[in-house]
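**Q** Pasting a structure here, questions to come.
The values are calculated or read from the model by the stated rules, or taken from the named source; none is laboratory data. Just so you know, these numbers come straight off a predicted model, no measurement behind them. Don't worry about glycine lacking a Cβ; one is built from the backbone with ideal geometry, like all the others, and counts go over all protein chains shown. Each accessible area value is taken on the protein alone, full model and side chains, heavy atoms only, with ligands, DNA and RNA left out. Shrake-Rupley method; radii C 1.70, N 1.55, O 1.52, S 1.80 Å.
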Amino acid sequence: MSSSTLGGKTVAIFVVVLIVVAVAAGVGGYYAGHGAGYDEGVKVGGAEAYQKGYDEGYSKGFAEGVESVKPVLPKKIKIGSLMCLTGFLGPMGEKIVKGVELAVKEINAKGGIAGRPVELIVEDTATDPTKTLEAFKKLVEVDGCQVVIGPMASPEVMAIGEYANERKVVVISPTATSPEITTRFPDDYVFRTVGSDVLQGKALGEIALDRGFTKVATLVLNNPYGIGIEEKAKEVLGDKVILSVRYDPAKMDFRTELSQIKDSGADCVIYVGWYEDGRVMFKQALEMGLDNIQWIVAEGCYGKPMFKVPESAEFMSRAAIGTRPIAPVGLVTYDLFAEKFKKEFDEDPTMYCDTAYDATMLAALAIAHAGEYNGTKIKNSLEYVSQFYIGATGHKMFDKNGDQLTQFYEIWDVVKEDGEYKFVGIGTWPK
């Protein structure tokens, strides 16, 4: 495969195919943009081809696509978003919503969808499934949204899935990873731009095996996210799992659970938690001397908010490694997204800002392709346009259940340098 260079980095040219060609273009422009981006990407590669495909897709679409959908699209197109702006995942949600905001700003800067501006309506779920359902009903019944980006947490998605199907409203979560979402809502209105934890659970289990651990304890949130990862990790580890503990994050005192692990003689812990409970868990684990065994941690505890409690940060630097979903290494499309994000918000994107951006762009493409603001038609178009969309996180094709076909993970560690804690990558999965 040929390659080109962006900012000194060698990147594969196939990724320039069409990240957001003609997101604001209408039906004709989508196909025009796809063709322009692909052809130019194959010929020359790199950022220039990406930009040309984007610009040509938009201009052709505006000329060819607007009139065909003008009579049926509303004057303003609403896209709802359900984000954890407070609660256990509040520090993460405050960052992730910026990926949605960036996509909407870009779409509107290019004239909207078929000339119609996008109105973004964001609701806080407070990391609470009950509040999530209330907020979702507000977006649907009061605001009239036919497509919603989010919610973030797997239990929140589980709480709204049935209602989304009944009301025929498209839901695209950039972060919910529980395998139970697939089995509970197959072939439905629920999609996600991040891989199922069928993959992350397997990754965590294989990391433990690769490092030679033979006495593994699992310590996970007692919800679909934690249990989903645990079950898949246990399938990989088999009889090497000697203890399974599930906990309620609202307790905020986990000495009982940690005592079980200490007494078990485990040489490794596979841990699935969130920010608020995770900081307490790690602080108490440090106090109990559990930094002398390896902890392998899922992405719910990845990010600088974990360092707000010094003991949590110190524990992670001594005992924890983990996984987090990432875009395939070397994507020019991710680099371009990151540059735009930094320019807009004066900060680097954090985990899931990219999948939120891609979810929003896919929603816009599906609306443009459908040519009508109708949940069923948007759903059908979403399944189709995803076959061709290559976004900030790579190829985002959905399978028949609305899940991603592939997902890559970074293996991370925490190091302390000059008195500061930071996350560093130490590998990828699959290798």
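**Q** So for each of 136-142, 94-100 I average, over its residues, the number of other beta carbons within 10 Å; can you give me the resulting order with the highest mean first? The partial results should precede the final answer.
**A** Numbers: 136-142: 16.9, 94-100: 23.0.
For the peptides 136-142, 94-100, the packing ranking is 94-100, 136-142.
**Q** May I pose another question? Between Asp210 and Glu287, what's the calculated FRET efficiency when r is the beta-carbon distance and R0 is 30 Å? Round to 0.05.
**A** Taking R0 as 30 Å, the efficiency between Asp210 and Glu287 is 0.50.
**Q** What is the gain in length, in nm to one decimal, between Lys304 and Met397 on full extension, counting 0.36 nm per residue of separation less the C-alpha to C-alpha distance?
**A** 30.4 nm
**Q** Moving on. Is any residue of the range 333-375 close enough, with backbone N under 14 Å, to a label point placed 7 angstrom from the Cα of Ala109 along the Cα-Cβ axis, and if so, which?
**A** Label zone hits: 336-346.
**Q** Quick check: at a probe of 1.4 Å, how many percent of the accessible area of the range 276-421 sits on carbon and sulfur atoms? Don't jump to the answer; show the numbers that get you there.
**A** Values: 2440 of 5130 Å².
That fraction is 48 percent.
**Q** Using a Förster radius of 45 Å, what is the FRET efficiency between Val329 and Ile121 based on their Cβ-Cβ separation? Nearest 0.05, please.
**A** Calculated value: 0.80.
**Q** Now for a separate question. Suppose R0 equals 22 Å. What FRET efficiency, 1/(1 + (r/R0)^6) with r the Cβ-Cβ distance, do Thr376 and Thr406 give to the nearest 0.05?
**A** Working from the Cβ atoms, E equals 0.20.
**Q** Apply the Karplus curve 6.51 cos²θ - 1.76 cosθ + 1.60, θ = phi - 60°, to the phi angles in the range 398-415 and return the couplings in whole Hz, x for Gly and Pro.
**A** 8, 8, 5, 9, x, 9, 6, 6, 9, 7, 9, 10, 8, 8, 10, 9, 10, 10
**Q** By DSSP, what percent of the beta bridges with both residues in the range 75-188 are antiparallel, rounded to the nearest 5?
**A** 10 percent
**Q** Measuring from label point to label point, each 7 Å out along Cα→Cβ, what is the Asp263 to Glu347 span in nm?
**A** 4.3 nm
**Q** Now for a separate question. Which ³J(HN,Hα) values, rounded to whole Hz and listed in residue order, are derived for the range 220-233 from phi using the Karplus coefficients 6.51, -1.76 and 1.60 in 6.51 cos²θ - 1.76 cosθ + 1.60 with θ = phi - 60°, glycine and proline given as x?
**A** In residue order, the calculated couplings are 9, 4, 7, 8, x, 5, x, 5, x, 5, 4, 5, 6, 5 Hz.
**Q** By its C-alpha gyration tensor, with a ≥ b ≥ c as the square roots of the eigenvalues, how is the range 234-348 shaped: rounded for a/c under 1.5, else prolate for a/b larger than b/c, else oblate?
**A** prolate
**Q** Would you pull out the residues with amide H under 5 Å of Phe408's amide H, same chain only if 5 or more places away, H placed 1.01 Å from N?
**A** Distant-sequence amide H within range of Phe408: Ile326.
**Q** Skipping prolines and chain starts, which residues have an amide H placed within reach, meaning under 5 Å, of the one on Tyr247, given they are 5 or more residues away or on another chain?
**A** Here the answer is Val220, Leu221, Asn222, since their amide H atoms fall under 5 Å of that of Tyr247.
**Q** Does the range 206-264 classify as rounded, prolate or oblate by the C-alpha gyration tensor (a ≥ b ≥ c root eigenvalues; a/c under 1.5 gives rounded; else a/b over b/c gives prolate, otherwise oblate)?
**A** The shape class here is oblate.
**Q** Can you work out the Karplus-derived ³J(HN,Hα) for every residue in the range 332-344? Use 6.51 cos²θ - 1.76 cosθ + 1.60 with θ = phi - 60°, whole Hz, and x for glycine or proline.
**A** Listing the rounded values in order: 5, 5, 5, 4, 5, 4, 4, 5, 5, 4, 4, 5, 6 Hz.
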